[in-house]
1. With respect to B:Y827, determine if the residue is among the hydroxyl-bearing types (S, T, Y), farther than 27 Å from B:L528 by Cβ and in a helix (DSSP H, G or I).
2. Would you mind telling me which numbered condition in (1) modelled with pLDDT under 85; (2) under 22 Å from B:L159 (Cα atoms) B:R322 fails?
3. Going by what's in this entry, would B:A826 be described as in contact (Cβ under 8 Å) with a residue 24 or more places away in the chain and aliphatic (A, V, I, L, M)?
4. Taking interchain pairs and intrachain pairs at least six residues apart, which have beta carbon atoms under 6 angstrom, with the first residue in segment B:20-37 and within 9 Å of B:F65 (Cα to Cα) and the second modelled with pLDDT of 85 or more and surrounded by 19 or more Cβ atoms within 10 Å (Cβ to Cβ)?
5. Could you list, in sequence order, the residues of segment B:692-713 that are open to solvent by 30 Å² or more (accessible area, probe 1.4 Å) and over 37 Å from the mean Cα position of the chain (by Cα)?
6. Looking for something over 24 Å from B:P362 (Cβ atoms) and in a strand (DSSP E or B) - is there at least one such residue anywhere in segment B:211-224?
7. Looking at (1) surrounded by 15 or more Cβ atoms within 10 Å (Cβ to Cβ); (2) outside any helix (DSSP H, G or I), which is the only condition B:A771 fails?
Amino acid sequence: MRENLGEFEELVLLCVGILHGDAYGLSVRTELDERAGRSVTLGAVHATLYRLEDKGYLRSELGGATEKRGGRRKRIFALTNAGIEALRDMRKIREEMWALVPRLHPELS
Amino acid sequence: MKARHDGDAVPRGARALLERFCPPNVFEELIGDLEESCRSRRARDGRFRAWLGCWADSLSLFRAFTHRRGAAADHPRGFIMWDSYLKSGLRTSQRHWGYVLLNVAGLALGVACALLILLFVWEELRFDRFHAESDRIYRMVQAEPDQWDTKRQEEMSPLFAQALVDGVPEVEHVVRFLDRSPSLISRDADGADLRVYEEGFVYADSTFFDVFSFPLVHGDAATALDRPHTLVLTEAMAHKYFGGANPVGQTLLVNSVHPFEVTGVVADPSARSSLQFRFLASFASLREIPEEAGMLNSGWGVTAYPTYVLLENDAAAIVAERKIPGVLKRSTDAEHVLASRFGLEPLLDLHLYSKAGNLLGPQSDVRYVYIFSVIAFAILLIACINYMNMATARAAKRAREVGVRKVLGARRSQLARQFLGESMMTSFGAMVLALGLVLLAIPAFGRLVQRDMQAGIFAEPLFWLVILMFWAAVGLLSGSYPALLLSRFAPAEVLKGRLGGVSSGATFRRGLVVFQYTISVALVACTLIVHHQLDYMRTKKLGLDAEQMLVLPLQSSVVGKPSPVAQHTEAFRDELSRLDAVRSVAFSTAVPTQRSSRFGTQVEGSDETMFVFAYNVDPDFLSTMGIDVVEGRGFSIGMDDQSAVLVNQAAVRSFGWIEALGQTLPVRIGTADRTVMGVVRDFHFESLHASIEPVVFMPLGSRLPRYIILRLDATDLPATLQRVAAVWDRFSPEHPLDYFFLDDAFERLYQSEDRLAGLFGAFTLTAILIACLGLFGLAAFSAEQRTKEVGIRKVMGASVAHVVYLLSRDFVRLVGVAIVIAVPIAYIAMSRWLEGFAYRVDLSWRTFLFAGLVALAVALATVSFQAARAALADPVKALRYE
């Protein structure tokens, strides 16, 4: 069955979605840092990306269209349908639960 | 857009690390990201912060790629493959079961040998450790100062004990011993008529149980040896004389005269004890036995009592030792006592290191421990080398398998793991087999080394740890080379049938063969030389004729009342002479191979003390023993001058005389001055380890002899013995006849060399066997490899002989190299060993040649069998061989 999505993993998935076509290790890390204020090591990001790919939420391919990096290709990640599903599910669960907390209720906050 | 080669942003060390450890498929993307990141750090932060951050990023990447799966068809967990390896391993084994058997057998043999030797070494190293205070027990030794490093003695004066206790506070207890083996033991008069001359009859001080840990089964350790005329039996002796009953309170008669009360039963001393005994009699008894009391009271000059001390702690030895000269000075003026050097040797060093010998039990030498350890290692090495050789040789056969596996995606590490796994499996099988072999062989091995070996070691956890290490070492060692080699094959080449590029390891294999045979040749040479020396020692002219010499020790001139035989020597001699088979009879107080008294004297004008051996003999002694008189005359019957003496040639040399006859002896023996009336040819009275020492012969006079010596006819010795015994019984019905043959006694001196020779022989055989197994396998393999070549040659007209020659040539050359290397090694080793003998054989080139030829012959036989088989095969089939 589908495995649980960790909080960090969710953030990474979102970043990949945001970066749409330009998501690779370094760019995801920068995005995380800027948007979520999370400062992480490069290795942690890569590890998570690989893990998410193993879980089937991301797919990847090697090689950028242009050779900008002094000849080094990079691995670009993209969301799979399963990944999108997972994100949607998470959001749905969260919203349902938020609605049940009185102090967080959108209408009353 | 510029392509900037800014790899310099990444610190060199980090880059190197990543290159080394990162799998190639992920490397590119990771290093790319890293470079980019470092560049932007450089731009953004200061140099140091950038450097720090970059390193942090680099190290974090390790986490990333260890999780990353590799190329296609990868398994996330390695051990999934093990069962596949197991299957393919077993199938491979089944196909080549002959080779596998050879391999396992060779390994098992090697491991079994090594284990047996280690068993022996372990036993040797654990001597005397069972005493609770073993590290505080020391033995006193003495020697002439210039002989301190070569020859010491353990026999001390009895007065030392008290002097030490009084004068040296570091000494807690002292135990003195006196060995009176054999003594005649008889069960007291209630009809049971067990009368036996027993060995292991030792007198010991009452402090014996305070110092040594020999547990008592019956009786009280605190008092068992207090009173005179008491003794303690070992369990074996208690059983022998009293059956199963508790013998405490019963009496045994010693030498037919002295009743001793049994005050305890002690457990039999372990085989690992330097102190061996069967009867422990109380030292206090000696005061009540007239002849012994005399010796006890004769002061510092008499040395006969091994003395052990218990120190208050093990560091006190040096302090105690230094106090000894002071103690002596306060106790005596005797010059030759004060001139000797005294010391304390730890009990734990006794068995392997002491130069003082051991009157009370066995002794060995640490050199043997080293030698045997080296041999064990060598044999193990040979066995492992075999495996390595066989596995790599067969690599070519498996090259295709390797190629296929690689194409299917096996990584080098996986292949290596597979082959290592196979070798671990083989070595496991070999270990099991080896353990079985060891269990079976322990009794026979025990006989070979003349030691009571037990399988007790199997209970030690340390042993199993060693076995585990063995298994790991053997498996890894043997499997390492094949694993490394095989995984290197390039699949494309291999599948095409070529091992191209990578050498199939032939050079290494050749090197291994040379190594194996070097060891074998060296061992053969050493064995031959050891045997040669032993033979030499046995057959060397001793200077006397030891054949058919029957010696009858007369015990009672020392303890108890004099033997009736000793009192009626002339009548006894007449009776014996009447027997046809008795050629001559003589009496003396000493006999070669048995310890005899020594007298010491100060050499005039120097500090040295000189010792001479003293023999009191009757006029027939020299002729009976076959010893020549080279100058002057021997003793004759009814001689006037009872103070005349004979000396041997060694004595003449020591005293520095040019003309010996008429000289006065510088050594004081008794009251009168002694003049020399004759010189006798040197003869050996100790083992050939020692050079011949000075001996003085004095007339027996009215002294009671201690030995009767008979020269017998060679015919029908058992019958003669019976007749002698009959005569004896007429004179001495109470004491049964005790006797030994002189040549047997000489033989016994060489027990440890005998044992060494036996061991060497056995292990040489094993080493050669293993080396041959290896060669056999290699030769078979090589022959198979060249099947096509052989077929073609035969078709072209080569004779069988020529083919055999071609196939064997290579191997014979290797053995030749091995011989060249082995000879100097063996030469050096044997020279060192022979230095321990004052009389030794020469190392002749013939021996080494012979050893080399033996190795060559064996190798040839092994190889040519395979070669012949290949040569005789049908060439048609050979050519079709794929």
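The values are calculated or read from the model by the stated rules, or taken from the named source; none is laboratory data. Values in this document were obtained by computation on a predicted structure and should not be read as measured data. So basically every Cβ, Gly included, is an ideal-geometry build from the backbone, and we count neighbours across all protein chains shown. With ligands, DNA and RNA removed, areas are computed over all heavy atoms of the protein, side chains included. Shrake-Rupley method; radii C 1.70, N 1.55, O 1.52, S 1.80 Å.
1. no
2. The failed condition is (1).
3. Against the criterion (in contact (Cβ under 8 Å) with a residue 24 or more places away in the chain and aliphatic (A, V, I, L, M)), B:A826 qualifies.
4. B:L30/B:L61
5. Matches in segment B:692-713: B:G701, B:S702, B:R703, B:L704, B:D713.
6. The answer is yes, given that some residue of segment B:211-224 is over 24 Å from B:P362 (Cβ atoms) and in a strand (DSSP E or B).
7. Condition not satisfied by B:A771: (2).
Residue-wise test of (1) surrounded by fewer than 17 Cβ atoms within 10 Å (Cβ to Cβ); (2) within 13 Å of another protein chain (Cβ to nearest Cβ); (3) of a type outside the set (D, E).
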site: A:G21; (1), (2), (3): yes, no, yes
site: A:Y24; (1), (2), (3): no, yes, yes
site: A:R29; (1), (2), (3): no, yes, yes
site: A:L42; (1), (2), (3): no, yes, yes
site: A:H46; (1), (2), (3): no, yes, yes
site: A:D54; (1), (2), (3): yes, yes, no
site: A:L58; (1), (2), (3): no, no, yes
site: A:L62; (1), (2), (3): yes, yes, yes
